[in-house]
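Inspection log for the structure reproduced underneath, given as structure tokens.
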Amino acid sequence: MAEVVFKDIVKSFGSFTAVHGLNLTIAEGEFVSLLGPSGCGKTTTLRMLAGLDFPTSGSISIGNRVVNDVAPGERDIAMVFQSYALYPHMTVYDNIAYPLKKRGVRKADRAPMVQKTADLLQLTELLRRKPRQLSGGQQQRVALGRALVRDPKVFLLDEPLSNLDAKLRGYMRVELVELHRRLGRTMVYVTHDQLEAMTMSDRIAVMEGGKLQQFAPPNEVYREPANRFVAGFIGTPAMNLIDGTLANEAGAWRFASPGITLTCPPLTDDAVSGPACLGVRPEDVLLGEGPIRGQVQVVEQTGHENIVVVKIADGIRLTGRAGADHVWRPGETIQCAVDVSKAHVFAAGPSGQRLNRPLTKDQPRLAKEGA
Amino acid sequence: MIRRIAFNLFAWTIVLAVAFPLFWMVLTSLKPQFELFRRPPTFLPETWTVEHYWTLLSSTKFLTYFKNSVILSTTTTLVVVAIATIGAYSLVRFRYRGRESLAFLVLFTYLLPSVVLIIPLYLMLVQLGLSNSILSLVIAYTTFALPYALWLLRSFMAGIPEDLESAALVDGASRLGAFRDVILPQLLPGIISTALFTFILSWNEYLYALVLVNSDSARPLTTGVMNMLVSSFNIEWSLLMAASVMMSVPLIIVFAFLQSYLTRGFGAGGVKG
Ligand SMILES: Nc1ncnc2c1ncn2[C@@H]1O[C@H](COP(=O)(O)OP(=O)(O)O)[C@@H](O)[C@H]1O
Ligand SMILES: [Mg+2]
């Protein structure tokens, strides 16, 4: 069993609290990403799991064993650092062999293990080199090799791809997923890149300001963001978040802001009249026809689609995605609509809770609506 | 072009000005005594001789002093480097109350002129029954070499990424193991600079040696040679120059061996980003 459990974890540095009461249960064999903007406490969380930092309060367990007082080397984990942290004075071979050496594997037994890892990561040719003689991508693979050479219970990866160029990053994403599938080990992956988290994870733990915002599979995080922060953080181009007011009219909730009024999708009992926020993904904005009238401001062509920014009122913009075949021109007047069935309503405030009633499979789709 | 020539000329003038006394020392030590005071002076010796070296080695205590100096400087260097390394590690890696003020306090002791400390130190050593021994000098030199060594190593230590040590800990090393396997090799250039600094300091020190030691069996080269060759009535110039040459040789050897370490890379490439 290699279940990882954070229970009420708090971590303070002096008067500054980096992690506020984190509760997280990562299942055996799961690939979980800790996702959040820089400084939200991801690395601190990972270092506590590794035993390099100590929680101010709370407990951490790996495989039913509380590890608060267990030294890093005895937790049966392996870690890849963002900086790679290769030992500069050792060859690639010695770097990879080091964890084996420290765990008392005999010299003769180490060689085939290092060789196997090197083959897997295409490092065979580089075993005699020193880290400084390697490219960034090669260094990254050595760091990975040092983690893979043993068979630890849990792999910890701290932004392992962030120093690579875009193409290599895309390639390594696939490699890592493949590796996880093959090894079936628990992996905790820290990243600030939502694309990495979305494409690789079984579940994503979204963090912000040292607090867990949502812990769910990628499509759920995308389709049912728990709050406004998650909604705005996940997805590119970002979700349209429009501040307005919520009012109950004869049992139905209506949302109104300059330029848009619509009937909301079913909301929970937490909904109250007053300030609220409407969230609409760019793909749920229908361009070309509909009750909302606006003016095209910016058109970004990505090749396979066009991202169109429409100004619908002073200070209120709606971003939509359109096929690449129709080119909208800046300045042009445009009609558009919002797919209300896929719209989100959030309580007021920067991390306002999502108020939509949970989706059910046979929920009736509402008609397109707007204005 | 003109500027380059002018610059070269300038640089070489300085080099010559610095090097000339050294040349003169070597040349004088190789001239027979009667040639020294001739007017006008000869630049190269008319007769080359090594008799002064032979005299020093065979019929004076030079070798005893030399041995004392080697023991003294080596021991001091080992003690200072060992304590400074551990101290620097503590100052950089562990967080505790008063860490910064401690570091500054250490530097403060270095700012006191050694003349001020010499009498109290002497009295303390006498009370400890250590006066007139090589050990007393080791202790004395350690007191003023250590603060500087600590600061030097502290800055080197601060340049070693903490991730390296963390990685070693995760890989199964103990704290001591991580220190030995990862920190120490990274710190090597710093340790060598510190060792060199301490060695030269203790090899050349004069004042403390003069005050704290007055028996021939414990005298280092600096005071030993002065005592032996310089008196109020006479200075044995030839022997003095020969002794000076031989005193410089160990430093030159140490430098020749270590300078390649000093300039070698500081483990670049281990940590990116
Ligand atoms: N050793 C430390 N001392 C003080 N503050 C720290 C320390 N380590 C991290 N922090 C602070 O904790 C917060 C979270 O840091 P970190 O976990 O590294 O964020 P990230 O999510 O970018 O990995 C940051 O504001 C950082 O400044
Ligand atoms: Mg980080």
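The values are calculated or read from the model by the stated rules, or taken from the named source; none is laboratory data. Please read all numbers here as calculations on a predicted model, not as lab measurements. Note that we place each Cβ from the backbone using ideal geometry, even for glycine, and neighbour counts take in every protein chain shown. The protein model used for the area step is the full one, side chains on, heavy atoms only, and it has no ligands, DNA or RNA in it. Shrake-Rupley method; radii C 1.70, N 1.55, O 1.52, S 1.80 Å.
Sort segment A:230-288 into rounded, prolate or oblate with this rule: let a ≥ b ≥ c be the square roots of the eigenvalues of the Cα gyration tensor; rounded if a/c is under 1.5, and if a/c is not under 1.5, prolate when a/b is larger than b/c, oblate otherwise. Before the final figure, lay out the partial values.
Working: a/c = 2.10, a/b = 1.59, b/c = 1.32.
It comes out prolate by the Cα gyration axes.
Hey, can you find the accessible area per residue of the protein assembly as shown for me, probe 1.4 Å, expressed in square angstrom?
Working: 31650 Å² over 644 residues.
Computed with neighbouring chains in place, this is 49 Å² per residue.
Which whole-angstrom value gives the distance between the alpha carbon centres of segment B:79-150 and segment A:151-182?
The two parts, judged by their Cα centres, are 49 Å apart.
Would you pull out the residues with amide H under 5 Å of A:ASN227's amide H, same chain only if 5 or more places away, H placed 1.01 Å from N?
Distant-sequence amide H within range of A:ASN227: A:ARG354.
Might you report the magnitude of the Cβ-based charge dipole of segment B:84-173 about its Cα centre, with Lys and Arg at +1 and Asp and Glu at -1, to the nearest 20 debye?
I would put it at about 300 debye.
Go through segment A:110-127 residue by residue and turn each phi into a ³J(HN,Hα) via Karplus (6.51, -1.76, 1.60, θ = phi - 60°); whole Hz please, and just put x for glycine and proline.
After applying 6.51 cos²θ - 1.76 cosθ + 1.60, I find 5, 3, x, 5, 4, 4, 4, 5, 4, 4, 4, 9, 6, 10, 3, 5, 9, 4 Hz.
Once you keep just the Cα pairs under 8 angstrom separated by 6 or more residues, what percentage relative contact order results for chain B?
Reported relative contact order: 31 percent.
To the nearest 10 degrees, how steep is helix A:166-183 against the longest Cα principal axis of chain A, on a 0 to 90 scale?
70 degrees
State the three equivalent ellipsoid semi-axes of segment B:137-187, derived from the C-alpha gyration tensor as the square roots of 5 times its eigenvalues, in descending order and whole Å. Please list the in-between numbers first.
Numbers: eigenvalues 161, 31, 8 Å².
Whole-Å semi-axes of the equivalent ellipsoid: 28, 12, 6.
Pop a pseudo-label 7 angstrom from the Cα along the beta-carbon direction at both B:LEU112 and A:SER135 and give the gap in nm to one decimal.
5.9 nm
Quick one: what are the phi-derived ³J(HN,Hα) couplings along segment A:56-63, Karplus 6.51/-1.76/1.60 with θ = phi - 60°, whole Hz, x for glycine and proline?
5, 8, x, 9, 10, 10, 10, x
Averaged over its residues, how many other protein chain Cβ atoms are within 10 Å of peptide A:85-94's Cβ atoms? Show your work: numbers first, answer last.
Details: counts 14, 8, 10, 13, 9, 4, 0, 0, 0, 1.
The mean count of partner-chain Cβ atoms within 10 Å per residue comes to 6.
Karplus couplings for segment A:212-217 from phi (6.51 cos²θ - 1.76 cosθ + 1.60, θ = phi - 60°), rounded to Hz, Gly and Pro as x?
Karplus-based 3J(HN,Hα) across segment A:212-217 equals 6, 9, 6, 9, 7, x Hz.
Mind checking which helices in chain B clear 15 Å along their axis (Cα) and have mean Kyte-Doolittle hydropathy of -0.5 or more, DSSP H runs only?
Going by DSSP H runs, the hits are B:2-29, B:62-93, B:99-111, B:114-127, B:134-158, B:184-204, B:237-263.
Quick one: pull the percent of accessible area on segment A:206-265 belonging to carbon and sulfur, 1.4 Å probe, ligands and nucleic acids left out. Walk me through the intermediate numbers first.
Numbers: 1210 of 2360 Å².
Here it works out to 51 percent.
Taking the Cα centre of segment A:74-163 as the origin, how large is its charge dipole in debye, to the nearest 20, when only Lys and Arg (+1) and Asp and Glu (-1) carry charge on their Cβ atoms? Show your work: numbers first, answer last.
Numbers: 16 positive and 9 negative charges, 80 e Å.
Roughly 380 debye, rounded to the nearest 20.
DSSP loop (so not H, G, I, E, B), at most 16 other Cβ within 10 Å: list which GluC sites (Glu not before Pro) in segment A:1-84 pass both filters.
Taking segment A:1-84 and a limit of 16 other Cβ atoms within 10 Å, the loop GluC sites (Glu not before Pro) found are A:GLU28.
Can you list the residues, at least 5 places off or on another chain, whose amide H is less than 5 Å from the amide H of A:ALA18, using H built in the peptide plane?
Here the answer is A:LYS11, A:SER12, A:PHE13, since their amide H atoms fall under 5 Å of that of A:ALA18.
Taking the Cα centroid of segment A:29-65 and of segment A:101-124, what is the distance between the two, rounded to the nearest whole Å?
28 Å
Could you give the alpha-carbon Rg of the protein assembly as shown over 2.2 N^0.38 Å, rounded to two decimals? Please list the in-between numbers first.
Values: Rg = 36.7 Å, N = 644, 2.2 N^0.38 = 25.7 Å.
Rounded to two decimals, the normalised Rg is 1.43.
Counting only residues 5 or more places away or on other chains, whose amide H sits under 5 Å from the amide H of A:TRP253 once H atoms are built in the peptide plane?
A:CYS264
Please pull out the direction-averaged projected area of segment A:237-347, using the convex hull of its alpha-carbon atoms, in nm² to one decimal place.
Its Cα hull, projected and averaged over all orientations, spans 6.8 nm².
How much accessible area is lost when chains B and A come together, counting both sides, with a 1.4 Å probe, in Å² rounded to the nearest 100?
Values: alone 16270 and 17410 Å², together 31650 Å².
By this definition, chains B and A bury close to 2000 Å².
Give, rounded to the nearest 20 debye, the magnitude of the charge dipole that chain A has about its Cα centre when Lys and Arg contribute +1 at Cβ and Asp and Glu contribute -1 at Cβ.
Dipole about the Cα centre, nearest 20: 1480 debye.
Grab the beta carbon distance between A:GLN297 and A:ASN23, set R0 = 45 Å, and tell me the FRET efficiency rounded to 0.05.
Efficiency for this residue pair is about 0.55.
Once a ≥ b ≥ c are taken as the square roots of the eigenvalues of the Cα gyration tensor of chain A, is the result rounded (a/c under 1.5), prolate (a/b larger than b/c) or oblate (a/b not larger than b/c)?
prolate
From the residues A:GLN295, B:ALA17, A:SER341, which one has its Cα farthest along the dipole of the protein assembly as shown in the positive direction, the dipole being from +1 and -1 charges on Cβ of Lys/Arg and Asp/Glu about the Cα centre?
Ranked along the dipole, the leading option is B:ALA17.
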